[in-house]
Amino acid sequence: MDLKRYFQLYKIPLLLVLSALAFYWSFAYDLQRWDFTKLITLYAALCFLSYKIISIFKGNWAVLVLFSVIFRLIFLLATPNLSQDFYRFLWDGQLVLSGINPYLFTPQQLFASGAEIAHGDQLLSGMGNLSATHFSNYPPINQLLFAIAAFLGKSSLLGGIIALRMLIIAADLGILYVGAKILGYLKLPKTRIFWYALNPFIIIELTGNLHFEGVMLFFMLVSIYLLLRQKWIWAAIILGISVSVKLLPLLFLPLLWQSLIKDIPAKKNIPKQLTHILKGTGKGILRPIAFYLIVLLAVLLTFAPLISGEFLTNFTATISLWFQKFEFNASVYYLIRWLGYQDRGFNMIAEIGAILPKYIFVFVVLLAFFRNNISLRSLLEAMLFAVSFYFLLSTTVHPWYLATPLLLSIFTRYRFPIVWCALVFLSYSAYGKNEVEENLWLVALEYSVAIGYAVWEFNKSEDMETIKAV
């Protein structure tokens with residue numbers, strides 16, 4: 001093929017890729033969080049470019065993997081511009097390196113005591129007053145990763161940022177590999193994994209803003225894959241590690257009951273591995289009970305070096321803030337809050353936040369015991385329903401939280417999390433130069449479209465009758 005013909009054939013794909021590179025560069029190095037117009041324009045353009053790139057190159061796995069890596073490496077030297085959380089990550093990491101339990105002191109308490117923390121002044125001012133006045137709520141495997149990043153980047157703050165970023169990129173590449181394996185078991189196109197790997201939402205929120213949902217999801221996917229390989233003990237251990245990165249996988253434990261207690265029935269054109277999760281190991285209820293105990297033991301072992309008399313009080317108190325004090329980009333909660341203002345005249349978050357988790361618990365239990373979750377496909381759909389319902393009833397839904405429903409949706413027939421992720425950046429309209437004030441019209445737009453699309457998908461799916469029954 002001569003050069004002229006080659007250019008004619010590939011000039012449009014090349015222009016799309018170059019445009020994506022330029023927009024990611026702008027997002028990483030030339031954007032302020034308060035510049036919402038620029039932010040949402042860049043994000044919308046990247047969503048479109050991602051769709052086109054995946055569509056054009058879907059037959060070339062190596063090229064899509066290469067783009068997944070290159071787009072992430074653009075952020076390598078960038079300081080996160082949409083989140084301050086990384087300052088707290090590195091602060092906690094420095095505490096662990098110094099032999100200080102990060103669960104026992106708030107940053108302000110340590111600073112007032114005169115403790116010497118590497119880059120302490122910069123980290124304390126960067127994390128903001130909200131984080132500085134509360135105890136750490138990041139589980140121990142996360143703390144270990146923070147300590148690794150703080151050690152590798154000890155000489156500079158940027159070094160710590162790069163170390164955090166490389167850990168997150170490594171986890172995403174692991175998700176790409178393991179996710180493709182699971183898609184193969186499900187007889188689904190392996191290129192579906194690029195709706196995660198090349199999604200600008202994932203690239204920006206995880207690699208760009210240094211959130212560790214991807215690390216949690218990597219271990220969770222490995223656990224699912226080990227279940228497929230009938231290695232249930234290792235699956236339980238790895239799931240425990242996932243919980244010790246982020247607590248969210250605890251939500252899925254009840255949903256595993258059916259697949260742990262029964263063999264998956266054989267189906268035509270389904271791989272044998274898919275139809276026998278955990279077959280041949282344990283009988284009856286002993287298998288799920290053993291599995292849950294191993295998960296619990298793995299979690300407790302990771303916490304063991306940091307457990308003290310004050311740990312449980314501080315840790316649970318901080319976790320409860322996400323249910324009974326903090327509020328951001330919520331849906332159902334905001335509607336109930338409005339009704340509370342009309343009836344009581346004040347914000348009832350303390351009462352509402354204590355009640356909503358009970359509804360989430362009931363919903364998950366109903367999914368676990370009144371829906372058929374034996375096949376891998378139905379199990380992953382149940383996990384998607386559970387986490388989506390959890391976020392719909394949450395008082396706080398930061399954009400990066402949606403990484404979990406997005407990844408789960410890739411293994412199912414449902415696409416509403418992809419739509420939701422495309423819309424969730426509307427929540428960044430809340431951040432001004434000097435204040436945070438949500439635009440509730442944009443929040444309403446986000447949830448109206450996402451929920452509307454989900455309802456449309458449920459109506460056309462075979463699961464609609466099951467969901468109604470639940």
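Odds and ends about this structure:
- Stretch gain in nm, segment residue 113-residue 15, where the contour uses 0.36 nm per residue and the Cα spacing is subtracted: 29.7 nm
- Dipole orientation for the chain: of the candidates 67, 93, 329, 67 has the Cα lying most toward the positive pole (charges on Cβ; Lys, Arg +1; Asp, Glu -1).
- As a ratio to 2.2 N^0.38 Å, the alpha-carbon radius of gyration computed for the chain takes the value 0.99.
- Counted by Cβ distance under 15 Å from residue 170, the other residues give a net charge of 0, where Lys and Arg count +1 and Asp and Glu count -1.
- The chain, helix-only ellipticity at 222 nm - DSSP H runs n ≥ 4, -39,500 (n - 2.57), divided by all residues, nearest 500: -20500 deg cm²/dmol
- Taking GluC sites (Glu not before Pro) in DSSP loop states with no more than 10 other Cβ atoms inside 10 Å as exposed sites, the chain has its longest site-free stretch at 117-434.
- Accessible carbon and sulfur surface of the chain relative to its total accessible area, %, 1.4 Å: 65 percent
- Placing R0 at 51 angstrom, the Cβ-Cβ distance between residue 311 and residue 70 gives a FRET efficiency of 0.75 after rounding to 0.05.
- Here the dipole of region 12-128 is about 540 debye; that uses its Cα centre as origin and unit charges on the Cβ of Lys and Arg (positive) and Asp and Glu (negative).
- Relative contact order %, the chain, counting alpha carbon pairs below 8 Å whose residues are six or more apart: 15 percent
- Summarising the amide proton neighbourhood of residue 328: residues at separation of 5 or more, or on other chains, whose placed amide H is nearer than 5 Å comprise 396, 397.
- Placing +1 on the Cβ of every Lys and Arg and -1 on the Cβ of every Asp and Glu, with nothing else charged, gives region 98-218 a dipole about its Cα centre of roughly 580 debye.
- Solvent exposure of the chain amounts to 45 Å² per residue of accessible area, where only protein heavy atoms count and the probe is 1.4 Å.
- Accessible area per residue was computed with a 1.4 Å probe on protein heavy atoms; residue 72 scores about 10 Å².
- The charge dipole of the chain, taken about the Cα centre with unit charges on the Cβ atoms of Lys, Arg (+1) and Asp, Glu (-1), comes to about 2100 debye, rounded to the nearest 20.
- Lys/Arg +1, Asp/Glu -1 at C-beta; the chain dipole; positive extreme among 340, 417, 443: 417
- Taking a Cβ cut-off of under 13 Å around residue 433, the surrounding Lys, Arg, Asp and Glu residues balance to a net charge of -2, with basic ones at +1 and acidic ones at -1.
- ³J(HN,Hα) computed for each position of region 57-67 - Karplus, 6.51 cos²θ - 1.76 cosθ + 1.60, integer Hz, glycine/proline x: 9, 4, x, 10, 4, 4, 5, 5, 5, 4, 4
- All Cα pairs of region 141-209, percent lying beyond 21 Å: 38 percent
- Figure legend: label point modelled 7 angstrom from the Cα of residue 121 along Cα→Cβ; no residues of region 146-166 have amide N under 11 Å from it.
- Counting 0.36 nm for each residue step from residue 154 to residue 461 and taking away their Cα separation leaves a gain of 105.3 nm.
- Region 279-366: proportion of alpha-carbon pairs further apart than 16 angstrom, %: 71 percent
- Efficiency of FRET from Cβ geometry, residue 441 and residue 77, R₀ 45 Å, rounded to 0.05: 0.75
- Across region 370-470, Cα pairs under 8 Å and at least six residues apart give a relative contact order of 24 percent.
The values are calculated or read from the model by the stated rules, or taken from the named source; none is laboratory data. The structure presented is a predicted model; accordingly, all values stated were derived computationally and were not measured. Neighbour counts are summed over all protein chains in view; Cβ atoms, including those assigned to glycine, are modelled from backbone coordinates with ideal geometry. For the accessible areas, the whole protein counts, side chains as well, though only heavy atoms, and no ligand, DNA or RNA atoms are used. Shrake-Rupley method; radii C 1.70, N 1.55, O 1.52, S 1.80 Å.
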